[in-house]
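The values are calculated or read from the model by the stated rules, or taken from the named source; none is laboratory data. Quick caveat, the model's predicted, so the values are computed rather than measured. All Cβ positions, glycine included, derive from the backbone under ideal geometry; neighbour counts span all protein chains shown.
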Amino acid sequence: MLDRIDPTIATIKEHTTNDSYASNMYIKTFKVVYTVGSENITGGIVWDAVSGTDKADDDVISGNGGQTVNFTTPDPSLVDGTVYNITFDFVDPAGNEASRVYNNVTYDTSAPTVSHLTSIDETYTANEVVPITVNFSETMLITGTPQLTLETGAEVTDQVVNYTSGANSNALLFNYTVVLH
């Protein structure tokens, strides 16, 4: 019987977050968890830097049909903040080959920092909106509802302001509506 069916990896996820691999994502580790399709496989991973030095590895992946593998490999020396195209190449015992490619994956191991805040320096009255922009050292991906707590004076309760806009940028906008006390 001739096998002409390409091998498969059912899932590929980041080891620490369990997020499924996708193009244009951020990863914190080079370690992956993958689930092999119905056949046995062997293969490798290539880290192709979009800019900078490529990291073609001797990383060997393998697994038996239906097996989930926590893949820990020697550190491929990825560079923090570098964008990679990641290729998982694999082959089954019959020699059928397949690949999964994820483009523009940013290896990001450092936490963002606040670089500065900006607002419009004016006098505000009740019900007026004060726009406050918080600028970060890197692009911010938003989950949930970020909040900013404002110190509004010794006699007044601090105010919590919900995020307004700015996802996928390094500047998040918070609009504070002045409260009359």
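One residue stands out in the stretch 92-112 among those that are of a type in the set (A, V, I, L, M) and surrounded by 16 or more Cβ atoms within 10 Å (Cβ to Cβ): the one that is modelled with the highest pLDDT, namely V105. Out of curiosity, is E138 among the charged types (D, E, K, R) and closer than 29 Å to M25 by Cβ? Yes; evaluated as a whole, the condition is true for this residue. The set of residues in the stretch 113-168 being under 20 Å from V179 (Cβ atoms) and of a type in the set (D, E, K, R) consists of D121, E122, E128, E151, E155, D158.
Among the residues of the stretch 125-176, the ones that are over 27 Å from the mean Cα position of the chain (by Cα), outside any strand (DSSP E or B) and surrounded by 12 or more Cβ atoms within 10 Å (Cβ to Cβ) come to 1 in all.
Residues checked against (1) over 12 Å from N85 (Cα atoms); (2) of a type in the set (A, V, I, L, M, F, W, C); (3) under 14 Å from the mean Cα position of the chain (by Cα); (4) modelled with pLDDT of 80 or more:
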| position | (1), (2), (3), (4) |
| --- | --- |
| D6 | yes, no, no, yes |
| S20 | yes, no, yes, yes |
| S38 | yes, no, no, no |
| I45 | no, yes, no, yes |
| S51 | no, no, no, no |
| D57 | yes, no, no, no |
